[in-house]
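Asker: Quick one: the structure is below, and I'll ask about it shortly.
The values are calculated or read from the model by the stated rules, or taken from the named source; none is laboratory data. These figures come from a predicted structure and were not determined experimentally. Positions of Cβ are generated from backbone atoms using ideal geometry, with glycine treated the same way; all protein chains shown enter the neighbour counts. These accessible areas exclude ligands, DNA and RNA; they are computed on the full protein's heavy atoms, side chains included. Shrake-Rupley method; radii C 1.70, N 1.55, O 1.52, S 1.80 Å.
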Amino acid sequence: MSTLTEVRIAAVGDIHLGEDVRGEYRKRLEGIEERADVLMLAGDLTRHGTLEEGRVVADELRDLPVPVVAVLGNHDYHSDLQHEIASELRDAGVTVLDDDGVVIECGGSKLGVVGGKGFGGGFAGKCASEFGEREIKDFVAHTRYIAESWKIALKETQADRRVVLSHYSPIKETLEGEPLEIYPFLGSYLLAEAVDTAGADLILHGHAHKGTEKGLTPGGIRVRNVALPVLGKAYAVYCLECGE
Amino acid sequence: MEAPQYVAARIQQALAEDARTHELGIHVDVRGDQLFLRGQVSGNDQRVRLGEVAHEAAPDLRMHNEIKVVVVNEPGEDEHLD
Ligand SMILES: [Fe+2]
Ligand SMILES: [Fe+2]
């Protein structure tokens with residue numbers, strides 16, 4: 001008979017830290033090792049993507065008692081310092097995904113995490129396509145490239161459970177509460193299509209502050225919008241069963 | 001075979017009309033043989049009752065009751081994804 005173990009994933013996005021709140025978020029992470037095996041951050045860690053803000057985030061996350069995996073969000077790209085911010089985070093012990101994957105050992109189970117910032121474009125039937133102006137084609141091609149990278153990374157990731165970590169949303173259900181007009185800037189169905197094709201157990205995203213926590217891809221994979229304003233708490237914890 | 005959208009609509013109607021629940025605004029999704037319930041309610045008893053009514057309306061579907069009980073204090077409850 002196989003026994004089941006659980007991997008507990010703490011997740012939050014859009015913490016949007018700055019110098020004025022230094023130390024505040026760290027306080028809310030106290031005791032996280034009692035509640036979770038890993039912490040995942042779904043982007044928008046800063047407000048304007050400055051190096052100062054990036055350093056605040058790195059300090060808040062430094063030497064936590066659980067592994068930390070993060071992706072960046074559009075705000076973290078705003079000052080064109082995304083690579084520098086990622087380096088600061090990596091120096092603090094955070095694994096920063098950039099359209100690639102990592103496997104974490106969680107109490108005897110292997111948890112694969114694949115992802116990156118993601119991007120927009122809209123949702124099936126109501127989305128941009130690679131046609132017309134160069135700017136539109138570039139916009140859509142960027143999302144396509146990301147989706148393709150995730151698909152490859154997922155296929156290459158050997159693990160008991162696989163989670164996709166994104167900033168942008170793969171589905172529109174978790175955007176409910178946001179104005180319809182901005183949906184194309186909040187996510188893309190290409191992300192969901194890629195994950196449905198390659199397979200995963202859970203997709204986490206942020207970005208849609210006024211959205212809804214729970215949704216599903218067309219293929220039936222659970223999606224959770226973990227934007228801090230949506231959760232209304234320091235982080236959510238999702239438990240995935242892992243067969244031994 | 002009944003289209004999943006119609007099955008979902010029927011379950012949603014049951015949740016709204018059954019005297020045990022009278023709950024509007026529960027999101028019902030049917031994917032293959034699986035039934036997903038989502039939404040927010042103010043207490044665990046109501047969540048359980050909604051699960052019962054939904055199950056009675058579609059006994060052949062495997063139900064995932066993902067309805068959330070609104071918790072004000074930190075850090076809230078864990079969610080078990082089975
Ligand atoms: Fe944000
Ligand atoms: Fe964002």
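Listed here are the residues, each with its yes/no results for (1) without any contact (Cβ under 8 Å) to a residue 60 or more places away in the chain; (2) within 16 Å of ligand 1 (Cβ to nearest atom); (3) open to solvent by 30 Å² or more (accessible area, probe 1.4 Å).
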residue: A:Gly120; (1), (2), (3): no, yes, no
residue: A:Asp138; (1), (2), (3): yes, no, yes
residue: A:Val163; (1), (2), (3): no, no, no
residue: A:Lys172; (1), (2), (3): yes, no, yes
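Asker: Which residue pairs have Cβ atoms under 8 Å apart, sit 6 or more places apart or on different chains, and have a first residue in the stretch A:5-33 that is farther than 14 Å from A:Leu64 by Cβ and without any contact (Cβ under 8 Å) to a residue 60 or more places away in the chain and a second that is open to solvent by 30 Å² or more (accessible area, probe 1.4 Å) and within 16 Å of ligand 1 (Cβ to nearest atom)?
Answerer: Filtered contacts from the stretch A:5-33: A:Leu17/A:Arg47; A:Gly18/A:Arg47.
Asker: Could you check the stretch A:20-55 and list, in sequence order, the residues that are of a type in the set (Asp, Glu) and in a helix (DSSP H, G or I)? Quick ask: steps written out before the conclusion?
Answerer: The initial filter retains those residues of the stretch A:20-55 that are of a type in the set (Asp, Glu), namely A:20, A:24, A:30, A:33-34, A:37, A:44, A:52-53.
Within the stretch A:20-55, A:Asp20, A:Glu24, A:Glu33, A:Glu34, A:Glu52, A:Glu53 qualify.
Asker: Another question, if that's okay. Output yes when any residue across the stretch A:203-223 is crowded, with 22+ Cβ neighbours inside 10 Å, part of a helix (DSSP H, G or I), of a type outside the set (Ser, Thr, Tyr) and within 16 Å of ligand 2 (Cβ to nearest atom), and no when none is.
Answerer: No - not one qualifying residue is present in the stretch A:203-223.
Asker: Under the condition of being surrounded by fewer than 24 Cβ atoms within 10 Å (Cβ to Cβ) and in contact (Cβ under 8 Å) with a residue 60 or more places away in the chain, which residue from the stretch A:224-235 is farthest from the other protein chains (Cβ to nearest Cβ)?
Answerer: Selected residue: A:Pro229.
Asker: When only residues in the stretch A:26-70 that are among the hydrophobic types (A, V, I, L, M, F, W, C) and within 12 Å of ligand 1 (Cβ to nearest atom) count, which is surrounded by the fewest Cβ atoms within 10 Å (Cβ to Cβ)? Outline the logic, then answer.
Answerer: Going through the stretch A:26-70, the residues among the hydrophobic types (A, V, I, L, M, F, W, C) turn out to be A:29, A:32, A:36, A:38-42, A:45, A:51, A:56-58, A:61, A:64, A:66, A:68-70.
Now drop any that are not within 12 Å of ligand 1 (Cβ to nearest atom), which leaves A:41-42, A:45.
Values: A:Leu41: 29, A:Ala42: 32, A:Leu45: 33.
Per the criteria, the residue is A:Leu41.
Asker: Based on what the data block shows, is B:Leu37 at pLDDT 95 or above and within 11 Å of another protein chain (Cβ to nearest Cβ)? Spell out how you get there, then give the answer.
Answerer: Values: at pLDDT 95 or above: yes; within 11 Å of another protein chain (Cβ to nearest Cβ): yes.
Yes: the conditions hold for B:Leu37.
Asker: Something else now. When the residues of the stretch B:43-79 are narrowed to those that are within 29 Å of A:Lys27 (Cβ to Cβ) and open to solvent by 90 Å² or more (accessible area, probe 1.4 Å), which ends up modelled with the highest pLDDT?
Answerer: The qualifying residue modelled with the highest pLDDT is B:Glu74.
Asker: Would you check which residues across the stretch A:179-202 are within 14 Å of chain B (Cβ to nearest Cβ) and open to solvent by 10 Å² or more (accessible area, probe 1.4 Å) and list them? Break it down into steps so the answer makes sense when it comes.
Answerer: Taking the stretch A:179-202 as the starting set, the residues that turn out to be within 14 Å of chain B (Cβ to nearest Cβ) are A:192, A:196, A:200-202.
A:Asp196, A:Ala200, A:Asp201, listed by residue number.
Here's the yes/no breakdown for (1) in contact with a Ser or Thr (Cβ under 9 Å, 6 or more places away or on another chain); (2) among the β-branched types (Val, Ile, Thr); (3) at pLDDT below 95; (4) at positive phi:
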site: A:Glu88; (1), (2), (3), (4): no, no, no, no
site: A:Asp91; (1), (2), (3), (4): no, no, no, no
site: A:Gly101; (1), (2), (3), (4): yes, no, no, no
site: A:Glu105; (1), (2), (3), (4): no, no, yes, no
site: A:Leu111; (1), (2), (3), (4): no, no, no, no
site: A:Gly120; (1), (2), (3), (4): yes, no, no, no
site: A:Lys126; (1), (2), (3), (4): no, no, yes, no
